[in-house]
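For reference, the structure discussed in these notes is given below.
Just so you know, all these numbers are worked out from the coordinates, no wet-lab data involved. None of these values were measured; they are calculated from a predicted model. Cβ placement follows ideal geometry from the backbone for every residue including glycine, while neighbour counts extend to all protein chains displayed.
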């Protein structure tokens, strides 16, 4: 019994004369697809309905005029115990505020989401104020946005509400 096991686990010597046969077999098998090598796996990502450009339904707004929702596929989601989740360098928004003669670009900010409330949010620190932009897709396909502004000076904090349509 032990003799069989000992022979099974001992390394075997391969004759050098068998290598040309092995190499020629691989040369034929690889192009035919018979032998394949492992490739990098990639996550499959479902399209995000919020992805794209959104424009405020109120064209005369003095607040947020447009939002670019930038979807990036990321298969790692980290959630804290309070339900706040993030995907690392993943999905982001780029907000534009009403300015003259051209809208002000707030820049890009990473999207986080709260799985308990189903709202997504991004944080902008503009020095004079910290703004949290909350986003949620409504059943009618519009984007509902709330902006909580926490001023760092004497001004009273406020929350503004907006509705956006997707621009195709």
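Only one of the numbered conditions (1) outside any strand (DSSP E or B); (2) closer than 24 Å to residue 60 by Cα is violated by residue 161, and that is (1).
Results for (1) under 21 Å from the mean Cα position of the chain (by Cα); (2) surrounded by 14 or more Cβ atoms within 10 Å (Cβ to Cβ), shown as yes or no for each residue.
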| residue | (1), (2) |
| --- | --- |
| 93 | yes, yes |
| 98 | no, yes |
| 101 | no, no |
| 116 | yes, no |
| 123 | yes, no |
| 128 | no, no |
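Has the range 145-153 got at least one residue that is within 22 Å of residue 47 (Cα to Cα) and either out of contact with any strand residue (DSSP E or B) (no Cβ under 8 Å at 6 or more places or on another chain) or surrounded by fewer than 17 Cβ atoms within 10 Å (Cβ to Cβ) (or both)? No - not one qualifying residue is present in the range 145-153. What do you reckon, is residue 156 in a loop (DSSP other than H, G, I, E, B), more than 19 Å from residue 49 (Cβ to Cβ), in contact (Cβ under 8 Å) with a residue 24 or more places away in the chain and out of contact with any strand residue (DSSP E or B) (no Cβ under 7 Å at 6 or more places or on another chain)? Answer is no for this residue. Per the conditions (1) in a loop (DSSP other than H, G, I, E, B); (2) free of Cβ contacts under 8 Å to residues at least 24 places away in the same chain; (3) farther than 21 Å from residue 54 by Cβ, the sole criterion not satisfied by residue 130 is (1). Within the range 103-114, the set of residues being buried (at least 18 other Cβ atoms within 10 Å of the Cβ) and closer than 16 Å to residue 55 by Cα comprises just one member, 106.
Summed over the range 88-122, the residues that are in a loop (DSSP other than H, G, I, E, B) and farther than 27 Å from residue 46 by Cβ give a count of 6.
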